[in-house]
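Novice: Pasting a structure below so you can have a look.
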Amino acid sequence: MNTCRVDFTDLPWTHAAEGVRYKVHKHGDRQLRLVEFAEGFIETDWCGKGHIGYVLAGEAQLQFERESVDFHPGDGLFIPPGEPWKHKAKVISGPFRVILVEDSPPPAPDAPSPPPHG
């Protein structure tokens with residue numbers, strides 16, 4: 001498998017919640033996710049995770065504690081983790097698609113080890 005190019009068309013969708021699905025490519029302790037939020041999606045809980053990404057399609061508004069910020073195709077996003085940057089997403093027009101670069105969560109204790117790259 002070539003680790004330099006990620007072909008998202010070959011990856012399966014994972015449904016994370018109602019109106020949210022994603023495709024993920026993991027390599028070492030990093031991952032690249034294509035996330036899609038459905039038209040009309042409104043996040044009900046605050047998210048305190050940090051995000052680094054690029055908006056591909058759709059429009060969304062992220063509500064922070066003191067302001068709201070609109071994101072459009074071509075926008076980058078850089079949200080630090082933590083309480084001061086907690087946020088909720090609301091899709092204005094969609095689907096809203098974004099690429100996120102993230103730390104890969106550690107595997108579950110009972111998960112099999114990935115095969116070595118050869």
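Novice: Look through the range 13-45, keep the residues that are more than 14 Å from the chain's Cα centre (by Cα) and among the small types (Gly, Ala, Ser), and return whichever of them is nearest to Asp103 (Cα to Cα).
Specialist: Gly28
Novice: Still on this structure: In the set Pro81, Pro115, Pro73, which member is out of contact with any Phe, Trp or Tyr (no Cβ under 8 Å at 6 or more places or on another chain) and at pLDDT below 75? Step through it out loud before you land on a result.
Specialist: Details: Pro81 fails: at pLDDT below 75; Pro73 fails: at pLDDT below 75.
Exactly one of Pro81, Pro115, Pro73 is out of contact with any Phe, Trp or Tyr (no Cβ under 8 Å at 6 or more places or on another chain) and at pLDDT below 75, namely Pro115.
Novice: Can we say Glu83 is under 24 Å from Ser104 (Cβ atoms), surrounded by 15 or more Cβ atoms within 10 Å (Cβ to Cβ) and among the charged types (D, E, K, R)?
Specialist: Spelling it out, it is not the case that Glu83 is under 24 Å from Ser104 (Cβ atoms), surrounded by 15 or more Cβ atoms within 10 Å (Cβ to Cβ) and among the charged types (D, E, K, R).
Novice: Hey, Val55 hits all of (1) at pLDDT 95 or above; (2) surrounded by fewer than 17 Cβ atoms within 10 Å (Cβ to Cβ); (3) not aromatic (Phe, Trp, Tyr) but one; which does it fall short on?
Specialist: Just one mismatch for Val55, condition (2).
Novice: Next question. Being over 22 Å from Gly74 (Cβ atoms) and either in contact (Cβ under 8 Å) with a residue 60 or more places away in the chain or assigned to a strand (DSSP E or B) (or both) is the filter here; which residues of the range 30-57 pass it?
Specialist: Arg30, Gln31, Ile42, Cys47
The values are calculated or read from the model by the stated rules, or taken from the named source; none is laboratory data. Just so we're clear, the structure is a prediction, and the values are computed from it rather than from any experiment. Glycine gets a Cβ as well: all are built from the backbone with ideal geometry, and neighbour counts include every protein chain shown.
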